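Undergrad: I have a structure I would like to understand better, so I am pasting it below and will then ask my questions one at a time.
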Amino acid sequence: MKVPTCHPKMPATQNQKNRRRTLGNEAQVERTSRRRIQDEEEDEDEDDIEESDDEDRMDVDRQGDDNISALSKTLVRYALSNEHARRPIRREGIKNDVLGLNNSRRFKEVFNRAQDELRHWFGMELVELPVKEREQQTTAERRKKIKAGTQQKSSNTYILKYRTPAKYLQAPIIAPAKAPTAELESSYVGFYHVVIALITLSGGQLTQAKLERFLARLNAKEYTPMGRTAEVLDKMRRQGYVERVVTKDASQDDQISWTVASRGREEVTPNVLANMIREIWGPNKPPEFEQKLAASLGVKPEAQGENGQSKASDANGRPDAQENGMSQEEDEDDE
């Protein structure tokens with residue numbers, strides 16, 4: 001029986017070793033080349049992604065600016081519509097009706113852009129109304145609120161006011177609204193100016209009985225050209241010109257009085273009232289008229305012209321052509 005013999009492994013020759021080394025080097029070069037190509041492709045992809053991101057950012061910025069422009073125009077229309085009906089323009093209403101949920105944080109940008117549009121095209125701007133205060137609130141209560149930090153600093157309510165140059169504030173340019181008619185609108189504006197003047201000259205608060213006595217002298221106790229006096233006063237209350245205050249007297253009876261509300265204080269300023277009263281009195285004013293008017297309204301006395309006629313002046317002593325709705329040239333023509 002033959003025993004199988006194991007043949008030992010033959011050692012590799014030098015040529016075989018060199019061939020293996022060459023094949024290994026070629027494979028390594030191929031892997032390195034493949035990795036280099038892959039890295040270059042990844043770099044190109046990253047560059048493409050960065051360029052795409054830059055383009056997307058530019059598109060987003062462009063869309064954002066267009067969005068603010070569109071929202072500001074919507075706010076301008078919203079403000080004009082509310083002002084036509086003399087409705088207050090509230091910050092909350094702007095957020096809900098103009099900006100919506102997606103743009104509520106862009107209030108400042110949209111508001112500032114709308115202000116620029118209103119000033120440029122309409123000669124108007126949004127003005128914040130003063131904070132409403134309770135008339136029966138004492139000075140000590142107000143100080144206590146301020147000290148406690150609970151005093152409201154902003155009303156977040158706006159109205160539109162003219163900010164045009166004085167020479168353009170003339171009746172042929174800024175005429176009364178034609179809704180319902182120019183005559184009724186003029187009568188309404190004159191009526192609430194008179195009522196606010198009566199309240200202001202009475203110390204800021206006027207009882208119902210005294211108001212009725214004053215209106216009776218004007219033949220307007222029961223009726224006005226705009227309708228019943230009670231209905232017109234209620235309309236003025238709703239629009240923010242006056243406020244109806246009801247208090248209890250010693251016998252627990254209701255005592256009604258009237259004060260000037262926030263819109264009335266902002267629109268019918270002391271200088272406006274002073275100029276209106278001067279126009280009503282005409283040139284034949286009683287002695288010390290200007291001193292008494294200045295003491296009642298807190299305005300500076302009217303400066304006298306060279307020919308003895310007077311010129312209206314604002315709180316800084318300048319001709320107040322803007323607030324009384326007349327230009328300086330008109331005053332000179334009247335003289």
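Undergrad: Look at Arg134 and say whether it is surrounded by fewer than 17 Cβ atoms within 10 Å (Cβ to Cβ) and modelled with pLDDT of 95 or more. Even if it seems obvious, please write down each step before you answer.
TA: Working: surrounded by fewer than 17 Cβ atoms within 10 Å (Cβ to Cβ): yes; modelled with pLDDT of 95 or more: no.
No, not satisfied.
Undergrad: If you don't mind, there's one more thing I want to ask. Can you pull out the residues in region 79-97 that are part of a helix (DSSP H, G or I) and either among the polar types (S, T, N, Q) or within 13 Å of the chain's Cα centre (by Cα) (or both)?
TA: If the condition is that a residue be part of a helix (DSSP H, G or I) and either among the polar types (S, T, N, Q) or within 13 Å of the chain's Cα centre (by Cα) (or both), then Ala79, Leu80, Ser81, Asn82, Glu83, Arg91, Glu92, Gly93, Ile94, Lys95, Asn96 are the ones that fit.
Undergrad: A further question on this structure: Name the single residue, out of those in region 249-276 being touching a strand residue (DSSP E or B) at 6+ places or on another chain (Cβ under 7 Å) and free of Cβ contacts under 8 Å to residues at least 12 places away in the same chain, that is farthest from Arg87 (Cα to Cα).
TA: Checking each candidate, the answer is Asp249.
Undergrad: Filter region 95-121 for residues that are more than 20 Å from Asn82 (Cα to Cα) and basic (Lys, Arg) and give the result.
TA: Once the filter is applied, which keeps residues that are more than 20 Å from Asn82 (Cα to Cα) and basic (Lys, Arg), region 95-121 yields Arg105, Arg106.
Undergrad: If only one of Lys153, Lys161, Lys235 is under 30 Å from Gly93 (Cβ atoms), among the charged types (D, E, K, R), within 24 Å of the chain's Cα centre (by Cα) and assigned to a helix (DSSP H, G or I), which one is it?
TA: Lys235
Undergrad: When you go through (1) small (Gly, Ala, Ser); (2) assigned by TED's automatic domain parsing to the domain that holds Arg228; (3) modelled with pLDDT under 85 one by one for Ala140, which number turns out not to apply?
TA: Every listed condition holds for Ala140 apart from (2).
Undergrad: So how many residues does region 178-193 have that are at pLDDT 80 or above and either touching a helix residue (DSSP H, G or I) at 6+ places or on another chain (Cβ under 8 Å) or not in a helix (DSSP H, G or I) (or both)?
TA: The number of residues fulfilling the criteria is 6.
The values are calculated or read from the model by the stated rules, or taken from the named source; none is laboratory data. Because the structure is a prediction, the values reported are computed rather than measured. Every residue, glycine as well, gets a Cβ built from its backbone with ideal geometry; the counts of neighbours run over all protein chains shown.
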